[in-house]
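What follows is a set of notes on a single structure, which appears directly below.
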Amino acid sequence: MSDSTDVLVRRRGAHGLSTGTYANSLRDRLPNYSVRKASTPAEERELIRTARVVTGASIPRELLAEASRLRLFACTWAGTGHLPMEELRRSGVAVTNASGVHAPNIAETVVGHILVFARRIHEGWKRKQRREWRHFQMDELKGSTVTVVGQGAIGQAIVTRLEGFEVETIGVRYTPEKGGPADRVIGFDHEDFHAALAETEYLVLASPLTETTRGLVDREAFDTLGPDAFLINIARGGLVETDALVDAVRSQFLRGAALDVTDPEPLPSDHPLWTFDNVFITPHNAGHSPEHWPRLADIVAENVRLLDETDALDGLENLVSTPDA
């Protein structure tokens with residue numbers, strides 16, 4: 001065993017998946033590099049002293065202080081707001097994330113929810129549980145309008161998977177001039193957004209939580225959506241005003257909702273959202289997939305090789321932050 005570490009894999013994983021599998025995926029892709037997985041806090045402190053790359057869900061300040069050769073922290077989450085970004089920049093460490101890794105499986109979850117609502121599969125399931133042979137009216141997805149807020153990797157994957165269903169798609173993004181696979185792309189201008197809501201049957205939230213998107217779907221938005229619309233949130237709970245959502249469902253001014261995220265989160269057991277038959281709730285697991293580590297390992301391994309060959313940071317995939325000059 002050499003004295004140096006090329007890649008250190010931290011102990012904590014993502015989505016309940018073992019980082020041992022992640023480390024093995026990286027070793028398969030980097031056979032000529034030293035990839036080590038820490039098992040204890042002491043081992044992490046020892047290995048990080050020579051590591052050039054560290055990957056994990058987070059990197060605390062006290063662990064970062066032990067690093068002397070670190071050039072890259074590869075976050076295993078898409079979000080990086082929990083990281084000590086200032087300290088990482090000052091320490092000369094670039095940061096990448098797991099953006100795009102979740103896109104295929106989250107897009108499948110969204111399409112599944114849309115089809116459940118359109119064909120009222122949840123009603124069929126309830127009647128089956130009651131052993132009730134009684135017909136009920138179904139709808140069609142064809143001809144509907146689906147608005148997807150957020151046109152990053154996940155939002156675009158959702159739109160792409162809807163192409164065969166003969167629906168109209170509207171994408172919402174900060175830079176609408178960049179376009180995308182949606183039939184129409186708009187920005188977050190208040191009037192433009194509400195004009196889109198007015199013709200939307202399925203509103204899908206797939207954007208980060210920012211000052212612009214916090215509380216984006218409020219009472220006014222529900223008023224514009226109207227009682228025939230469905231809400232699907234696989235982004236962050238804070239994009240929706242929860243009290244307004246409860247009121248919209250309770251007053252039958254929203255046809256249904258599928259929530260993989262909530263505000264607050266976890267959702268308290270006595271929260272009224274649990275009581276509605278037309279609100280489907282999952283515990284923030286739309287991103288779960290056995291392909292998470294292999295997809296992320298592809299990105300991180302390529303970045304390790306690029307860093308080794310050129311020592312350049314600007315070409316890294318999923319680059320979030322570069323060091324201070």
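Any read-out appearing in this document is the output of simple, stated calculations on the displayed coordinates, not a laboratory observation. Note that this is a predicted model, so its numbers are computed, not measured. Every residue, glycine among them, receives a Cβ derived from its backbone with ideal geometry; neighbour counts consider all protein chains shown.
A few comments on the model shown:
- Segments 309-316, 192-199 sorted - mean Cβ within 10 Å per residue, highest first: 192-199, 309-316
- Environment charge of Leu88, counting only residues whose C-beta is closer than 15 Å and scoring Lys/Arg +1, Asp/Glu -1: +2
- Charge dipole (the chain, unit charges on Cβ, about Cα centre) - positive-most of Gly124, Gly81, Leu216: Gly124
- Of all aspartates and glutamates in the structure, the ones whose alpha carbon falls short of 18 Å from that of Lys142, not counting any fewer than 8 places away in one chain, are Glu108, Glu163, Glu166, Glu168, Asp183, Glu199, Glu201, Asp228.
- The range 181-257-the range 8-34 distance, computed between alpha-carbon centres (Å): 38
- Proxy reagent accessibility, fewest Cβ within 10 Å first, across Asp324, Asp139: Asp324, Asp139
- Electrostatic dipole magnitude of the range 103-281 [Cβ: Lys, Arg +1; Asp, Glu -1; Cα centre; debye, to 20]: 920
- The calculated pair-distance distribution of the chain uses every alpha carbon pair, bins of 20 angstrom beginning at 0, and gives 29, 49, 20, 1 percent.
- Reachable aspartates and glutamates from Lys37, criterion Cα separation under 19 angstrom, eight or more residues apart if same chain: Asp3, Asp6, Asp28, Glu46, Glu62, Glu66, Asp298, Glu302
- Computed 3J(HN,Hα) for the range 137-145, one whole-Hz value per residue from the Karplus formula 6.51 cos²θ - 1.76 cosθ + 1.60 where θ = phi - 60°, is 7, 10, 10, 10, 6, 3, x, 7, 10, glycine and proline marked x.
- Per principal axis, descending, Cα span of the range 44-144 in whole Å: 69, 32, 18
- Amide H to amide H, with H built 1.01 Å from N, Val320 comes under 5 Å of Val95, Thr96, Asn97, counting only residues 5 or more places away or on other chains.
- About its Cα centre, the dipole of the chain is roughly 1260 debye, where the only charges are +1 on Lys and Arg Cβ and -1 on Asp and Glu Cβ.
- Convex hull of the range 103-281 built on C-alpha atoms - directionally averaged projected area, nm²: 10.3
- Listing Phe188, Phe73 from fewest to most neighbouring C-beta atoms within 10 Å gives Phe188, Phe73.
- Calculated from backbone phi, Karplus (6.51, -1.76, 1.60) coupling profile of the range 283-298 in Hz, x at Gly/Pro: x, 6, 10, 4, x, 5, 6, x, 8, 4, 5, x, 5, 5, 4, 4
- Antiparallel bridges, percent of DSSP beta bridges restricted to the chain (to nearest 5): 10
- Expected 222 nm ellipticity per residue - DSSP helices of 4 or more, -39500 (n - 2.57), all of the chain, to 500: -9500 deg cm²/dmol
- Cβ crowding within 10 Å averaged over residues, with 127-135, 32-40 ranked highest first: 32-40, 127-135
- Put in order of Cβ neighbour count within 10 Å, fewest first, the listed residues Met85, Met138 become Met138, Met85.
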